[in-house]
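The values are calculated or read from the model by the stated rules, or taken from the named source; none is laboratory data. All figures in this text were calculated on a predicted structure; none of them were measured in a lab. Note that we place each Cβ from the backbone using ideal geometry, even for glycine, and neighbour counts take in every protein chain shown. These area figures cover heavy atoms from the full protein model, side chains too; ligands, DNA and RNA do not enter into them. Shrake-Rupley method; radii C 1.70, N 1.55, O 1.52, S 1.80 Å.
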Amino acid sequence: MASFSIQHIEFTGIAAAVPKTRKVNAENVYFPKEDVEKFTQTTGVAEFRVAGKNLTTSDLGYEAAKKLISDMDIDKNTIDVLIFVSQTPDYLFVPNTAPILQDKLGLSKGCLAFDIPLGCSGFVYGFSAMASYLQNPAFKKGLLICGDTSSKTINPEDKSTALLFGDAATAAIIERKEGVTPFHFNMGSDGSGYKAIIIEEGGFRNPYNDNSLTVIDYGEGIKRNGCQLALDGMDVFGFGITQAPKTVKELFEYASIENSDIDFAVFHQANKMMNEMIRKKLKLEKEKVPYSLEKFGNTSSASIPLTMVTELKEQLSSGKNRLLLCGFGVGLSWGSCYLTTENLTIPNLIEI
């Protein structure tokens, strides 16, 4: 695994947007009530937000970015890099969504813009990519937009996914600044487990065909077609409780960090049981580990920043805070980051 530090960067603002439409698991009509109750107890997900047919991830990200740019009074011409992290872009293959957002937001044509197609670890990966660009003095300010509308990839009769994933997008401003505390990262990947979270068909390995939309009943409450998300819950669970603590411990060792050096640890919101096992393995106090799962579910690459906006707005908006961020999942991939923030600009949650 790669451990490294990045100098001369500051995380200055973050915003989040979610659809107004709620889905409440207790009202689910596809699965037995007792199954839903057990699922909610295990995962911690009581409800989540769902984007309508005409609402995309980039629409949510656009609203979050627009509000953040306005609240921070940023000259749009000073944003040099735009990175869009998502597995649900506007267009499946081409073009990238980032240039579309560059134009829609009114950013300079000199703004470098590209997509990173990642989910669970996407915020940390995007953060490290943005920070790397800002090492170059030619770049002063970056806009990182992360999110997914996973509901568009899910069969409502697939118990492994339909009660878990919510839709959201976030926007973050990262700036180049001399003399600030460096950010520390530990990151890695293991493609041998790529099938644990996958949409099998519709790409170039397994192209769309006449049977791609045929729904198959796999039993035990799991129905889906080849173009819908498949989740191997046991594989993902085993990976999460093993790899997340490992990457954090390696980061601690690399950066000489102890639990007492952390004010808040914000993890990818995978599910409550998994995350609690990770927290206990790392011996982190409950008060330091916030959750947004109950109201928003697993929101993929948006889950870490969404949790910061909805659960830590008051704390992060005033004073210095030392944060541990950790994302893990699809790929399989993982990333952890230790950083210090001071007086973050955080608008109220946007609902569309």
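The table that follows gives values for the structure above.
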item: For Ser333, residues with placed amide H under 5 Å, excluding near neighbours; result: Asp190
item: Chymotrypsin sites (Phe, Trp or Tyr not before Pro) within the stretch 141-215, DSSP loop, no more than 16 other Cβ atoms inside 10 Å; result: Phe204, Tyr208
item: Average accessible area per residue (Å²) across the chain - probe 1.4 Å, nucleic acids and ligands excluded; result: 44
item: Relative contact order %, the chain, counting alpha carbon pairs below 8 Å whose residues are six or more apart; result: 28
item: D_trans [Stokes-Einstein, Kirkwood Rh over alpha-carbon pairs] for the stretch 189-266, 10 °C, 1.306 mPa s, µm² s⁻¹; result: 101
item: Highest-fluctuation residue, Lys195, Lys140, Lys38 considered, GNM on the chain with Cα pairs under 10 Å; result: Lys38
item: Restraint check, Lys288/Lys313; Lys295/Lys320; Lys177/Lys320; Lys223/Lys280; Lys177/Lys288, Cα-Cα greater than 24 Å; result: Lys295/Lys320; Lys223/Lys280; Lys177/Lys288
item: DSSP bridge orientation in the chain - percent antiparallel, rounded to nearest 5; result: 70
item: Mean projected area in nm² (Cα convex hull; one quarter of hull surface) for the stretch 133-237; result: 9.9
item: Vicinal HN-Hα couplings computed from phi for the stretch 181-189 (Karplus, 6.51 cos²θ - 1.76 cosθ + 1.60; Hz; Gly/Pro x); result: 5, x, 8, 10, 10, 9, 9, x, 7
item: Kirkwood-Stokes translational diffusion coefficient of the chain, alpha-carbon pairs, 25 °C, 0.890 mPa s, µm²/s; result: 121
item: GNM top mover of Arg322, Arg205, Arg176 - the chain, alpha-carbon springs below 10 Å; result: Arg205
item: Computed FRET value (nearest 0.05) for Thr78 with Asp190, which takes r as the C-beta separation and R₀ as 45 Å; result: 0.70
item: Whole-Hz ³J(HN,Hα) from phi, Karplus 6.51 cos²θ - 1.76 cosθ + 1.60, for the stretch 340-352, glycine and proline x; result: 10, 10, 8, 6, 4, 7, 9, x, 4, 4, 9, 10, 10
item: Viscosity 1.567 mPa s, 4 °C: Kirkwood-radius Stokes-Einstein D of the stretch 1-59 over Cα pairs, µm²/s; result: 84
item: GNM result for the chain, Cα springs below 10 Å: residue of Ala244, Ala129, Ala302 fluctuating most strongly; result: Ala129
item: Anchor Lys76: aspartates and glutamates whose Cα lies under 20 Å away (excluding residues fewer than 8 positions away in-chain); result: Glu10, Asp59, Glu63, Asp103, Asp115, Glu175
item: The stretch 1-158, accessible surface, carbon-and-sulfur percent (1.4 angstrom probe); result: 51
item: Karplus (6.51, -1.76, 1.60) ³J(HN,Hα), θ = phi - 60°, over the stretch 322-328, in Hz, Gly and Pro reported as x; result: 9, 10, 10, 10, 8, x, 7
item: Count of lysine pairs in the stretch 80-165 with Cα separation under 26 Å (8 or more residues apart, or interchain); result: 5
item: Heavy-atom accessible surface of the stretch 240-352: percent carbon and sulfur, 1.4 Å; result: 46
